[in-house]
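The values are calculated or read from the model by the stated rules, or taken from the named source; none is laboratory data. Keep in mind it's a predicted model, so treat the numbers as computed, not measured. Neighbour counts are summed over all protein chains in view; Cβ atoms, including those assigned to glycine, are modelled from backbone coordinates with ideal geometry. SASA here: full protein model, heavy atoms, side chains in, ligands and nucleic acids out. Shrake-Rupley method; radii C 1.70, N 1.55, O 1.52, S 1.80 Å.
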Amino acid sequence: MSKPLRPATRLLRAGRPHQGWVNTPVTRASTYVFDSVQAWRDTRARREEERLPSYGARGTDSTHALEDALVELEAGHRAKLYPTGQAAIATVLLAYLRAGDHVLVTDAVYEPVRRFCSEHLSRLGIEYTYYRPDGAGVAELIRPNTRMIYAESPGSLTYEMPDLPALAELARRHDCWLAVDNTWASGLLCKPLALGADISILAATKYLGGHADVMMGAAVTNARAWRALERATIDLGQTVGADDAFLVLRGMRSLPLRMAQHARSALRVADWLLGRPEVERVLCPALPGDPSHAIWKRDCSGANGLLTVEFSDALGEADVERLIDSLRLFGIGASWGGFESLVIPVRLDTSRSLPDTVRRGVMARLHIGLEDPDDLIADLEQALTALSLSRSL
């Protein structure tokens, strides 16, 4: 074909190493045997530079196929897989940082990463500093020993989007790495590596798997960053099972269709919520009034199903919890990215370090799933109506 294939078409063909297979078969293996000692030695010598079947922990056809699909999705050089998204993040931090180094971390970071910094980076003699989620003022925080800028695009819970090309230019100027948690965009909506990042991290548990039945993380790098990540992954014993790899790869085939529907439904629900007197604000970078909307429009090709609702001052913590308990179609659960709608209460008091990034009061994070949005709106309406009646009694 004379024209390049579009992303959805490429994704359907990615990770299919053999002709005739629509779905790459599951390859479960721990031990590979060889015809001779010389063949065994030759494979072990070459596997540091080549991806060869040598031992199950280093990969099988199933995990290699998923890695190839992730490289295609993220427009990267090579990829590695991990049992969870947090495992991917921890391995990335340990791969590039050493005692005496300093890392800049977004204040909108996924909360378990905040704990990893305080309990493990500190113990290893690695310094860290939080910067504003939108990236403002980060240049002033660079030190001579800064070795990494760690970003989320957008940030957890409140969805601030940093200027990734500007962060990438800053990182290059100071000879440090730029690592980006790209889970929100799932590799489909935004390409951090194309915007200048060195490492893109994904919780494949979320939209890549898409069916709330698998745990996995991944990291995709450019050529410059690859070797350090590969060695750390091997040294830390990080690997995934073939069946989980199969599930994530199967989920990726429908990713563009699912993501488009999540976004359509989420924006419809957001518009409805903004018309309610109980709602002060809906946080989502795809909404025109959001502070990150311009960067989202420049760097992203779409949105997902996440919304965070900031309620009016009239609603207290107990009110928000009663509202959540009254919902019938939203499960109360901490993950997202599956087909199901979810809700959890959110407080930023314990998940932010910089005083001016903390919003007071209780919010609710919604994941808008693949249910009919009219049914979800009706569910939210009945819960808000019930809350209003209970408050008037």
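Among residues that are under 18 Å from the mean Cα position of the chain (by Cα), open to solvent by 40 Å² or more (accessible area, probe 1.4 Å), farther than 30 Å from residue 317 by Cβ and free of Cβ contacts under 8 Å to residues at least 40 places away in the same chain, residue 247 is included. For the stretch 310-323, check the following and say yes or no: at least one residue is within 21 Å of residue 113 (Cβ to Cβ) and out of contact with any helix residue (DSSP H, G or I) (no Cβ under 9 Å at 6 or more places or on another chain). Checking the stretch 310-323: not a single residue is within 21 Å of residue 113 (Cβ to Cβ) and out of contact with any helix residue (DSSP H, G or I) (no Cβ under 9 Å at 6 or more places or on another chain). Restricting the stretch 165-204 to residues that are free of Cβ contacts under 8 Å to residues at least 40 places away in the same chain and of a type in the set (Lys, Arg) leaves a set whose member that is farthest from residue 71 (Cα to Cα) is 173. Those strands (runs of 3 or more DSSP E) of the stretch 274-393 in which at least 3 residues are buried (at least 20 other Cβ atoms within 10 Å of the Cβ) and either modelled with pLDDT of 95 or more or aromatic (Phe, Trp, Tyr) (or both), considering only elements entirely within it, cover 306-311, 363-367. Listed by first and then second residue, the pairs with beta-carbon distance under 6 Å, at least 6 apart or on different chains, first residue in the stretch 128-155 and part of a helix (DSSP H, G or I), second surrounded by 14 or more Cβ atoms within 10 Å (Cβ to Cβ), are 138/131; 139/170; 141/104; 141/129; 141/131. Residues of the stretch 357-371 that are out of contact with any Ser or Thr (no Cβ under 7 Å at 6 or more places or on another chain), in contact (Cβ under 8 Å) with a residue 60 or more places away in the chain and of a type outside the set (A, V, I, L, M, F, W, C): 357, 359.
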